[in-house]
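J.: Below are the structure tokens for one structure; questions will follow.
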Amino acid sequence: MAKIMDTTLLQNMYDAAPELWYGIGAIACIAILIIFFLAFKVLVLRQKNYFLRRDRERYAETLYASHDGYFAFIYPDDKVNDPRKTLTERCSRRLAVILNLENGVKSDFNDVLKNFYKDDVKKISKYVGMLKEEGVAFEDYFLLKNANKYIRLEGVRINGADGNIYCDMIWFRDVSFTTNRIKSLEEDKANIERKLLLQEDLLDNLPFAIWLRDNNLDIIYHNKKFNDFAADKTQENSIEDHCEIMGTNGESISKALAERVHNTNKPGKTSASVVVKGNRIAMEAYETPFYAEQNLEKTYSAGCLIDIHDLDLLRRNLKRHQNAQLEILGSLGTAFAVFNQDMVLNFYNRSFLELWHLDNIWLDQKPSYSSFLDILRENRLLPEVPDYMAYKKEELTDFSKIIEPINDLLHLPNGKTLRRMRAPYPMGGIVFAYEDISDRLAATSAYNALMSVQNEMFNNLFDAVLVFGANGRVLFFNEAYLKLWNADKNFMASEPSFDEVLDSQRSFFAKDEDWDSLKQGIGANLLNMTSKTMSLQRGKENLQIAVANLSDGSLMITYKKIDGAVN
């Protein structure tokens, strides 16, 4: 019943003033539209604010992710008369890590300054003051006080598009690795420069010219001595002009040699004559190829010029002396021949030709020592050996072994005996000397046989025989003497003197008190006798002594026991 009455009331109100209700409806619609518009606007603003916060977080995280730390002096956004009085400070996480700050991101700038040395603090404060006052940017490097770290500080001012100051930022970058690396490289550079300077000093103070050629055979480096031979040009000019050391023939002394060694890849040398200050000097140029920079496509060569003037004079003098020596050897009766270091006959004299019955035409062809041995073997003029090839090999090997004179004997099949002397030759090779000693050996053999017969004869005598040489020492004694005087054979073989022999006989005169007088008397009588004899009382025995002076100046004494011994 009430619901019907409310509906009726509303209908009556509408019927009474319909325009009013249309106005109220219009106002309600407008209000609803405004509410929807504002809600949409709020939604848009919230979305924009969301993205602004996201962007802010991104920028913040981007700064946090940077390897550089920063400290910022942030100015307020609103316009004020003096914004520096409301500055806020912000320390980044990275900076707190780099400087190991106790308060972390809450640290102020004074906490930052505590990590630097006192003088650096003043310098940094001055930089920061100029940045705040005038916006002057700076960049400098500092060493931390409690850590071996180098920090690069870079101060910049950040302004907005409208000219407002946003903040002053100081970036901190740990450049320890780079700084230490640069320092190490600078030290290495200094060491290399010092070594290069030492090497340059070494090369420039060498007493001979040296140079370096590139792949095109151009000289790209040389020492100061080179300029003495290159028309007194400076080192730079001579290299730019591709100067060469010229010989007396007007051509480069070593460029042709350099081309040859580059092609063969083997060191080489050549003789040259160079005019220096009007004097002609004998020189030797050397070129040694090598691969530059370990590149097989780059073949460089190192060259040098050696003064051999004195050596050349010595060679000439040696050659003259050698020729004079060979002339002397050629005139001697001993057979001489010289085989050089290549085992080729270099010299022989006429005695050598006659000794081996060889053809001088064949010898003048300078045969090898091997061919010489083969000819001697064909003519049966070599010692008979069971293995000729082994003998020949040993003979050839001796060319590299003989360093001092060696003598040996060659017993030939024809009955001759040759004494061979081999000695190193000063110019290389071996000098051979042959001497026929067949007659000398025969005479020596006959003499030895005669002496052997003589010794046997004296040893078979009943009389004791003692012979003193012209030097006063025992030259000979027989077995009868050893028995008579009970003498030591080794002592007698040591060639004792006359006084030592008399002292060895002292035991047979033990009863004589004054031995010195007796010894002096015996010696005087023996030495003063010629062909006479004398008697000597030896204990209970009488000895008859005969002394004879031999033709070679020696003295022969014979002892013989005689009857009539004292009882």
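J.: Where Lys and Arg each count +1 and Asp and Glu each count -1, what net charge lies around Arg94 among other residues with Cβ under 11 Å from its Cβ? Walk me through the intermediate numbers first.
T.: On the way: positive: Arg93, Arg173; negative: Asp68, Asp174.
Result for the local shell: 0.
J.: Might you report the magnitude of the Cβ-based charge dipole of region 330-408 about its Cα centre, with Lys and Arg at +1 and Asp and Glu at -1, to the nearest 20 debye?
T.: On the way: 7 positive and 13 negative charges, 25 e Å.
Result for region 330-408 is approximately 120 debye, rounded to the nearest 20.
J.: If you take the Cα Rg of region 66-192 and divide it by 2.2 N^0.38 Å, with N the number of residues, what do you get? All intermediate terms of the calculation are to be shown ahead of the outcome.
T.: Numbers: Rg = 16.5 Å, N = 127, 2.2 N^0.38 = 13.9 Å.
Cα Rg divided by the expected 2.2 N^0.38 Å: 1.19.
J.: OK, next. With the cut-off at 31 Å, tell me which of the pairs Lys269/Lys401; Lys489/Lys519; Lys122/Lys189; Lys255/Lys366; Lys277/Lys298 have Cα atoms farther apart than that. Present the calculation step by step, with values, prior to reporting the outcome.
T.: Details: Lys269/Lys401 29 Å; Lys489/Lys519 22 Å; Lys122/Lys189 34 Å; Lys255/Lys366 36 Å; Lys277/Lys298 37 Å.
Table pairs above 31 Å Cα-Cα are Lys122/Lys189; Lys255/Lys366; Lys277/Lys298.
J.: At a probe size of 1.4 Å, how large is the accessible area of Cys243, to the nearest 10 Å²?
T.: Using a 1.4 Å probe on the heavy atoms, I get roughly 20 Å².
J.: Given Cβ point charges of +1 (Lys, Arg) and -1 (Asp, Glu) and nothing else, what value in debye, to the nearest 20, does the dipole of region 66-190 about its Cα centre take?
T.: Details: 21 positive and 21 negative charges, 66 e Å.
With Lys and Arg at +1 and Asp and Glu at -1, about 320 debye.
J.: What list of ³J(HN,Hα) values in whole Hz, one per residue of region 139-144 in order, does the Karplus curve 6.51 cos²θ - 1.76 cosθ + 1.60 (θ = phi - 60°) give from phi, with Gly and Pro shown as x?
T.: Working through the residues one at a time gives 8, 7, 10, 9, 9, 5 Hz.
J.: What accessible area, in Å² to the nearest ten, does a 1.4 Å probe give for Met556?
T.: Its heavy atoms expose roughly 40 Å² to the probe.
The values are calculated or read from the model by the stated rules, or taken from the named source; none is laboratory data. Source: prediction; values computed, not measured. Cβ sites come from the backbone with ideal geometry, for glycine too, and all protein chains shown count toward neighbours. The accessibility values were calculated without ligands, DNA or RNA, using every heavy atom of the protein model including side chains. Shrake-Rupley method; radii C 1.70, N 1.55, O 1.52, S 1.80 Å.
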